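Enquirer: This is the structure, below, for whatever I ask next.
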Amino acid sequence: MTDSVTAAPETAPPATPHRPWWPPALAGVLSLGLGLAAAEVVAGALGRAETPVVAVGEEFIDHTPSWLKDFAIQTFGTHDKTALLVGMGVVLVVLGALIGLLTARRKGWGMLAATALLVIAGFAVNSRPDTTMADLIPTVAAGIVALPTLSWLVGKATGPTTPQPQLTPSPPSAPTRRSFLTAAGITAGLAVVGSGLGQLLGARRAGVETSRDDLASTIDLPRATPPDGVDLVVDGGEPWRTPNQDFYRIDTALSEPLVRAEDWTLRVHGMVENEVELDYDQLVGMGLESRWLTLNCVSNEVGGHLIGNALWTGIPIADVLALARPTADADAVRSTSQDGWTAGTPLDVLTDGRDALFAVGMNGQPLPVAHGFPVRMIVPGLYGYVSATKWVVELEVTRFADFEAYWTTRGWAEKGPVKVASRIDVPNSRAHVDAGTVAVAGVAWAQHRGIDAVEVRVDDGDWNAARLAAVPSADTWRQWVWEWDAEPGEHRLTVRATTADGEVQTSEEAPPVPDGASGWHTIDVTVDG
Ligand SMILES: Nc1nc2c(c(=O)[nH]1)N[C@H]1C(S)=C(S)[C@@H](COP(=O)(O)O)O[C@H]1N2
Ligand SMILES: [Mo]
């Protein structure tokens, strides 16, 4: 006996109101779109090329089988990249719609799927050559924007979350529908504005990279082949010449200043008889010189790696100052970068004949943007914070008594001559080595004075003279090696250097603040019998 047809209304299963499928799908697509637009803005602002979309596209290109590549080129010709982007757009719309629908039914799963998509994009970014952790920032921004938007917009698309007991299904009420459409419209508008802004910001970066590429053929940069005998080539040691992409980077710029060479000028003023303004061609026209110079940061700890050595090509700062003719009572030069950072350098250091340069080239390449393109200063013998102004646009000849520079207002010393230092690179700290002959090796530096001796000590034993590599001048770091006849047990190795003018590196420990770290570098190793 079946009386279900006539069953009392109160025993019927709760009615699920019919809802159209497209609002949550649209919500998914728009949230994803807004997230990706946010990534474009952040990437543009930071001057980073690797947005999640670009990285996934590039990975796709790199991993496309060649038959598909050939097919794409044959079919789309030079529009193959456009075809790829359209294809990716279609895939993103489908994925966004699916994520929106999933979020409407199972919110947790939908959010997880969106997160997974961004994590995959993050892996793509990470697999691109030359990327650092900072290149992940745009992808993270995409997540920070997309996930809350997804939750909010899908919520709007599906109406109030508190179930309203209803006997008869009713269509979503007009106000709910209208508020979803408003929210969707705002999201779409923001996504469009965001991607436009991202394009604009990214174009500036592209313009600067083009300017750099052009210079590679118009200015005369030498091949940066290290001189003979500078590299001891000990296994695990650092190369004497630091490749540009491995050169430490320190600056206060959250996004790199983007200045095209053709837009750059340098103004020299203050206590001078003749104010000077030079553009890039005029500066380069004064004559380029190339010098191996080691640059290090005052913040480097004993044993640290905030130091690098490169072939710098540029114009002597002294030549530019000679055009301006500083007055006799001046004793300082305050240099300013395009983004307003300042350094104070002693005038006599800049004019005493040392190779202080306005550098335009680094290791045979136009200066990388991160290292100060188009022009930066580098002064052998001084820490970077008092001398190595990147993106330099202005010199004011002045007196130390009359100004403070960026780091001196923050407790660092007014003058920053480099302290003599030495570092053990091989073996690694806490390494296990076999008893017998062990190469102990590293670098020592005292720019502009030069290194005359390096000694190594085992535990509290006598100092042993290390063998020194060649150097082209007193302005670079110097590699050293000492052959140790290692006996089993735990040992502590200590290094110290002596400068060419006779200063023995002090054992007295000082922190980096206010004028550079001092003390001997030591490492502990275990010699296995
Ligand atoms: N414009 C600008 N130039 C700058 C800095 C900076 O913050 N802004 N930092 C200085 C410091 S503290 C150092 S150690 C060197 C580092 O140069 P690098 O990043 O090319 O290694 O740049 C110097 N020049
Ligand atoms: Mo520095």
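Enquirer: To make sure I understand the rule: partners must be lysines, Cα under 28 Å from the Cα of K390, and not fewer than 8 residues away in the same chain. Which ones qualify?
Expert: K415, K419
Enquirer: I would also like to ask the following. When only DSSP loop residues count, what trypsin sites (Lys or Arg not before Pro) in region 197-229 have their Cβ near at most 13 other Cβ atoms within 10 Å?
Expert: R223
Enquirer: Less than 29 Å apart at the alpha-carbon level, and either on another chain or at least 8 residues along: which lysines does that give for K81?
Expert: Cross-link targets: K69.
Enquirer: Now, a different point. Straight-line reach from K107: which lysines have Cα under 30 Å away, leaving out those fewer than 8 places along the same chain?
Expert: K156
Enquirer: While we're on this one: If you take the beta carbon distance between R177 and A370 as r and set R0 to 60 Å, what does 1/(1 + (r/R0)^6) give as a FRET efficiency, to the nearest 0.05?
Expert: 0.75
Enquirer: Say the dipole of the chain comes from +1 at the beta carbon of Lys and Arg and -1 at that of Asp and Glu; which of G143, T351, L101 then lies farthest toward its positive end?
Expert: Result: L101.
Enquirer: Only loop residues by DSSP count here, and only those with at most 14 other Cβ atoms within 10 Å; note down the GluC sites (Glu not before Pro) in region 444-529 that meet that.
Expert: E503, E508, E509
Enquirer: Okay, moving on. Give me the percent of accessible area attributable to carbon and sulfur for the chain, probe 1.4 angstrom.
Expert: About 57 percent, which is the carbon plus sulfur part of the accessible surface.
Enquirer: For the chain, what does the equivalent ellipsoid look like in terms of its semi-axes, each the square root of 5 times an eigenvalue of the Cα gyration tensor, given largest first in whole Å?
Expert: 58, 31, 23
Enquirer: Right, here's the next one. What are the residues whose amide H is under 5 Å from the amide H of D425, where those residues sit 5 or more places off or on another chain and H is modelled from the backbone?
Expert: Correct list: A441, G442, V443.
Enquirer: Quick one: what does P(r) look like for region 399-529 with 10 Å bins over all Cα pairs, in whole %?
Expert: Distribution as computed: 12, 37, 28, 15, 6, 2, 0 percent.
Enquirer: Restricting attention to region 334-440, which trypsin sites (Lys or Arg not before Pro) occupy a DSSP loop and are surrounded by at most 16 other Cβ atoms within 10 Å? Display every interim value, and only then the final one.
Expert: Working: sites: R334, R354, R376, K390, R399, R410, K415, K419, R423, R430; in loops: R354, K390, R399, K415, K419, R430.
For trypsin sites (Lys or Arg not before Pro) across region 334-440 that sit outside H, G, I, E and B with at most 16 neighbouring Cβ atoms in 10 Å, the list reads R399, K415, R430.
Enquirer: Which whole-number value in Å² is the accessible area per residue of the chain, probe 1.4 Å?
Expert: With the other protein chains kept in place, the chain gives 49 Å² per residue.
Enquirer: Here is a follow-up. With a Förster radius of 30 Å, plug the Cβ-Cβ distance of Q245 and K69 into 1/(1 + (r/R0)^6) and report the FRET value to the nearest 0.05.
Expert: Using R0 = 30 Å, I get an efficiency of 0.60.
Enquirer: While we're here: Of T526, G461, V471, whose Cα points farthest to the positive end of the dipole of region 421-528 (charges on the beta-carbon: +1 Lys, Arg; -1 Asp, Glu; origin at the Cα centre)?
Expert: Highest projection toward the positive end goes to V471.
Enquirer: Please list, in order along region 495-502, the HN-Hα scalar couplings obtained from phi with the Karplus expression 6.51 cos²θ - 1.76 cosθ + 1.60 (θ = phi - 60°), rounded to whole Hz, x for Gly and Pro.
Expert: My calculation for region 495-502 gives 10, 8, 10, 10, 7, 5, 9, x Hz in order.
Enquirer: Just how far, in whole angstrom, is region 473-529 from region 105-147 if you go by their alpha carbon centroids?
Expert: First find each Cα centre; the distance between them is then 44 Å.
Enquirer: List the residues whose amide H sits under 5 Å from the amide H of V298, counting only those 5 or more places along or on another chain, with H placed 1.01 Å from N in the peptide plane.
Expert: G384, Y385
Enquirer: Next up: Taking 0.36 nm per intervening residue step and subtracting the Cα-Cα distance, what contour gain separates L197 from N464 on full extension?
Expert: The L197-N464 span can extend by a further 89.9 nm.
The values are calculated or read from the model by the stated rules, or taken from the named source; none is laboratory data. Bear in mind that the values here come from a model prediction, so they are computed numbers and not experimental data. Counting neighbours? That spans all protein chains shown, and the Cβs are built from the backbone with ideal geometry, glycine included. SASA here: full protein model, heavy atoms, side chains in, ligands and nucleic acids out. Shrake-Rupley method; radii C 1.70, N 1.55, O 1.52, S 1.80 Å.
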